[in-house]
Amino acid sequence: MRFKQGAGFKLLKEFKEFALKGNMVDLAIGIIIGAAFSGLVNSVVEDLFMPIVATLTGGVDFTNKFFGLAESVNASSLAAAREQGPVLAYGNFVTLLINFLIVAFILFMVVKAMNRLKRREEEKPAEVAKVPRNEALLEEIRDLLAKQSSGTPRV
C-alpha cells in the first residue's frame with residue numbers, strides 16, 4: 001500500500017483532532033475516576049456490608065454452597081468440587097447477587113445526592129448584577145433629561 005506524500009501527516013493531524021476532542025478527554029477522565037470509585041465501592045461492600053450480612057446469616061459462607069451434579073462430587077469446597085465434576089454453584093451466585101444489590105444501592109444513593117445538589121444549584125436565584133453608584137446616578141440624570149426634553153413644563 002502506497003501513501004501519497006503528506007498523507008501520513010494528514011492522518012496524524014486527524015488522529016490528534018480526534019484524541020483531543022473534549023468528549024474524548026472527558027471520557028478518559030471518567031474512566032479513571034470510575035476505576036478509583038470502583039475500588040472504593042468494592043471496599044464498602046466487602047469491608048462494611050458483607051460482615052453485616054455474614055452476621056445476619058450466622059456466618060454462613062455462601063461462596064462454598066453448591067450441588068454436585070455427578071455422584072463423584074463429594075468435596076467440601078467449591079474449587080475442589082469443580083475438579084471432581086460438574087456442580088451447580090448457587091452460593092457463588094447468591095454472593096454475587098448480594099454484592100450487586102449493595103453496589104447498585106450505593107450508586108443509586110450517590111446519583112440521588114448528585115441530583116439533589118444539581119437541583120439546589122439550579123434553584124438558586126440568579127444574582128442581580130449590582131450597578132455601580134456612578135452609573136446609577138447617570139441613568140437617573142438621563143431619565144430626568146428625557147422627561148424635560150419631552151415637553152414637560154419646567155418647574
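The values are calculated or read from the model by the stated rules, or taken from the named source; none is laboratory data. Because the structure is predicted, anything quoted here is derived from the model rather than measured. All Cβ positions, glycine included, derive from the backbone under ideal geometry; neighbour counts span all protein chains shown.
Of the listed requirements (1) surrounded by 15 or more Cβ atoms within 10 Å (Cβ to Cβ); (2) hydrophobic (A, V, I, L, M, F, W, C); (3) closer than 29 Å to L48 by Cβ, A75 misses just one: (3). No other residue among G58, G39 is at positive phi and small (G, A, S) apart from G58.
Conditions tested, residue by residue: (1) in the same structural domain as L97 (by TED's automatic domain parsing); (2) in contact with a Lys or Arg (Cβ under 7 Å, 6 or more places away or on another chain); (3) among the small types (G, A, S).
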residue	(1), (2), (3)
V25	no, no, no
I31	no, no, no
A35	no, no, yes
L48	no, no, no
P51	no, no, no
F66	yes, no, no
L69	yes, no, no
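The rows are residues; the columns are (1) under 18 Å from T95 (Cβ atoms); (2) in contact with a strand residue (DSSP E or B) (Cβ under 8 Å, 6 or more places away or on another chain).
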residue	(1), (2)
F37	no, no
L40	no, no
D47	yes, no
G58	yes, no
F67	yes, yes
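Taken as a whole, the structure places V44 among residues that are at pLDDT below 90, under 20 Å from the mean Cα position of the chain (by Cα) and assigned to a helix (DSSP H, G or I).
Residue count for region 23-39 satisfying the condition of being surrounded by 11 or more Cβ atoms within 10 Å (Cβ to Cβ) and either polar (S, T, N, Q) or closer than 18 Å to I98 by Cβ (or both): 1.
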